[in-house]
Amino acid sequence: MALKLTLKPSEKFVINGAVVQNADRRTTLVIQNKASILRERDIMLPEQANTPMRRIYFAVMMLYLDDKAQRQYYDEFVQRMTEFMNAIQSPDALAQCVTIIQHVHDKLYYKALTACRKLYAFEEARLNYVAPELSDRAEHN
């Protein structure tokens, strides 16, 4: 099944580890085969992995993008997920963690990333943490 990717002007994305930037017009690409693709908004820089769930997200993202370092990032994922699950008690959050683990086990890394993002609000509420991109939006509104 083909993936249709519509890009905004100058939007960046990663495809199989290569960073690609769209030109000055809206563009639609159709990816015909399996590839590791992340849009700019889904890419996390190492310095943004500053909470437990964001560290898990970063490890999963690197599993998705970096085939050469699979063992390293898988070990990081297991360690971080174990720590996170030992620190929380919410049945819903724990169930979401199990979903993430299952997706990683099945190598469905994009689905695992989506599931990780669902736990950001849970984590933020407990850490009283506001992500920089969220605080930037609040200041502009």
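The values are calculated or read from the model by the stated rules, or taken from the named source; none is laboratory data. Quantities reported herein were computed from a predicted structural model and do not represent experimental measurements. Ideal geometry is used to build each Cβ from the backbone, glycine not excepted, and the neighbour counts take in all protein chains shown.
Among the conditions (1) among the hydrophobic types (A, V, I, L, M, F, W, C); (2) farther than 21 Å from P9 by Cα; (3) not in a helix (DSSP H, G or I), the only one that V30 does not satisfy is (2). Looking only at the stretch 80-108, residues that are in contact with a Lys or Arg (Cβ under 7 Å, 6 or more places away or on another chain) and more than 21 Å from K34 (Cβ to Cβ) come to 2 in all. Being over 30 Å from Q79 (Cβ atoms) and either outside any strand (DSSP E or B) or touching a residue at least 40 places away in the same chain (Cβ under 8 Å) (or both) holds for only one residue in R55, R25, R41, and it is R25. Scan the stretch 76-104 for residues that are of a type outside the set (A, V, I, L, M) and out of contact with any helix residue (DSSP H, G or I) (no Cβ under 9 Å at 6 or more places or on another chain) and report the count. Residues that pass the stated criteria total 4. Scanning the stretch 40-70 for residues that are within 18 Å of D106 (Cβ to Cβ) and surrounded by fewer than 18 Cβ atoms within 10 Å (Cβ to Cβ) returns D67, Q70. A Cβ distance below 7 Å, combined with a sequence gap of six or more or placement on separate chains, defines the contacts here; from the stretch 68-97, residues that are assigned to a helix (DSSP H, G or I) reach residues that are small (G, A, S) and surrounded by 11 or more Cβ atoms within 10 Å (Cβ to Cβ) in the pairs Y73/A59; E76/A59; F77/A59; R80/A59; Q96/A115.
Tell me, please, whether a residue that is of a type in the set (D, E, K, R) and farther than 23 Å from L127 by Cα can be found in the stretch 84-103. Looking through the stretch 84-103, none of the residues is of a type in the set (D, E, K, R) and farther than 23 Å from L127 by Cα. Number of residues in the stretch 5-14 that are at pLDDT 90 or above and outside any loop (DSSP other than H, G, I, E, B): the value is 5.
Among the residues making up the stretch 1-15, those that are touching a residue at least 24 places away in the same chain (Cβ under 8 Å) and closer than 26 Å to A69 by Cα are L3, K12, F13, V14.
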